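Asks: Below is the structure I would like to discuss, written out as structure tokens.
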Amino acid sequence: MSTTDWEAVLSVPVTEDRDHIQGPADAAVTLVEYGDYECPYCGAAYPIIKEVQARMGERLRFVFRNFPITTSHAHAEQAAEAAEAAASQGRFWQMHDVLYENQRRLRDQDLRAYAEKLALDVELFDKDLAEHVHAARVHEDFMSGVRSGVNGTPTFYINGTRHDDSYEVEALLAALERAAASQ
Amino acid sequence: MNQVETVDHLATPLPAGAKAPDFELPSTPGQTVSLAELRGQPVILAFYPADWSPVCSDQMALYQEVLPEFQKFNAELLGISVDGIWCHLAFARDRNLRFDLLADFEPKGEMARAYRVYRANDGTSERALYVIDAEGIVRWSYVSPVDVNPGADGILRALENLGKEGAS
């Protein structure tokens, strides 16, 4: 064959130690998002995920991985590192939410203000960002996405397989329910 | 009526093992890039339908982002469309693309035709990928549906396989 086709599956499985996770480890379905904090489509997906989480409750485990496309989004890398810096202080999801709720305000001084608001150790936060302590982790996420067939943001995986369909609430919910039922 | 039959039939690209047709196309006003001058290193050809269209932009932005990974294989990435050189220049500047975009502009689509990925009905190329080895032989080719960004995974796999088979 002159063309090669392949199934897009998660190249790095979800692990409780490494990943940022909401929901129980034994949930019926795991939804992984590769996202960019400055990407408007990811911003549009943010409330959808919240609704899907509310409706599925403990049956859903949600995982977020970084996929900053810095070529298009000048602040995406620093925002991703800010979320990882917050994670190192145990506040990943709080920062993740603040970033998506303030997508147009991701300059360094904005990130610092969010760190203060979340009562982080701001000195440590500043140091982490200045020295790019979490850049390696962000890049690791990015490459795991590339190798899993991420071709834009957001890209979702349901129980390890890429979800190529719409991510409108009902479509996403239906796909998640199908995956839950086939377990 | 036969109109329901207008399914989008994708082109069949040159297969692995074929000799890659040589080309020499402008990359900037006053500069050209030829396949011959890239002999000795792997070459990635990313044919895309048009500058500025949403999917193309995402795809090229992604390739810019993954460029350091391609460079680990010493591979040269070239984007190709039928757009003219000034259009490419404005597009690359706007999207922060720092790899060459070749203008398959005159005679229009000649390179895309040689690589069997020209869409005569649209007057553009397919969204097609080629990985060519250091000796100028096609080692992998792929045509994606026009509105689907094929990502970078297939290219990286092909580059890895060059390493594995390259000794022969």
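The values are calculated or read from the model by the stated rules, or taken from the named source; none is laboratory data. Quantities reported herein were computed from a predicted structural model and do not represent experimental measurements. FYI the Cβ positions are ideal-geometry reconstructions off the backbone, even for glycines, and counts take in every protein chain you see.
Asks: Taking the range A:1-31 as the search range and keeping residues that are at pLDDT below 95 and not in a loop (DSSP other than H, G, I, E, B), which one is farthest from the other protein chains (Cβ to nearest Cβ)?
Replies: Step by step, filter the range A:1-31, then rank; the result is A:VAL9.
Asks: What is the residue count in the range A:141-162 for residues that are in contact (Cβ under 8 Å) with a residue 40 or more places away in the chain and over 14 Å from the mean Cα position of the chain (by Cα)?
Replies: Within the range A:141-162, residues that are in contact (Cβ under 8 Å) with a residue 40 or more places away in the chain and over 14 Å from the mean Cα position of the chain (by Cα) number 7.
Asks: Could you tell me which of the residues B:PHE105, B:PHE99, B:PHE91 is within 12 Å of chain A (Cβ to nearest Cβ) and out of contact with any Ser or Thr (no Cβ under 7 Å at 6 or more places or on another chain)? Spell out the reasoning first.
Replies: Details: B:PHE105 fails: within 12 Å of chain A (Cβ to nearest Cβ); B:PHE91 fails: within 12 Å of chain A (Cβ to nearest Cβ).
That would be B:PHE99, the only listed residue that is within 12 Å of chain A (Cβ to nearest Cβ) and out of contact with any Ser or Thr (no Cβ under 7 Å at 6 or more places or on another chain).
This table checks each residue for (1) under 14 Å from the mean Cα position of the chain (by Cα); (2) outside any strand (DSSP E or B); (3) over 15 Å from B:ARG98 (Cα atoms).
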position	(1), (2), (3)
B:SER27	yes, no, no
B:GLU37	no, yes, yes
B:GLY40	no, yes, yes
B:ALA46	yes, no, no
B:ASP51	yes, yes, no
B:VAL55	no, yes, yes
B:ASP58	no, yes, no
B:GLN64	yes, yes, no
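Asks: List the number of the failed condition for B:GLY30; all other conditions in (1) within 13 Å of chain A (Cβ to nearest Cβ); (2) on the phi > 0 side of the Ramachandran plot hold.
Replies: Failed condition: (1).
Table: residues versus (1) modelled with pLDDT of 95 or more; (2) crowded, with 21+ Cβ neighbours inside 10 Å.
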residue	(1), (2)
B:MET1	no, no
B:THR6	no, no
B:ALA16	yes, no
B:ALA20	yes, yes
B:PRO26	yes, no
B:VAL33	yes, no
B:PRO68	yes, no
B:PHE73	yes, no
B:VAL82	yes, yes
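Asks: Of all residues in the range B:122-150, which are at the interface with another protein chain (Cβ under 8 Å from one of its Cβ atoms) and either modelled with pLDDT of 95 or more or more than 13 Å from the chain's Cα centre (by Cα) (or both)? Let's see the steps before the verdict.
Replies: Going through the range B:122-150, the residues at the interface with another protein chain (Cβ under 8 Å from one of its Cβ atoms) turn out to be B:140-143, B:148-150.
Answer for the range B:122-150, where residues must be at the interface with another protein chain (Cβ under 8 Å from one of its Cβ atoms) and either modelled with pLDDT of 95 or more or more than 13 Å from the chain's Cα centre (by Cα) (or both): B:TRP140, B:SER141, B:TYR142, B:VAL143, B:VAL148.
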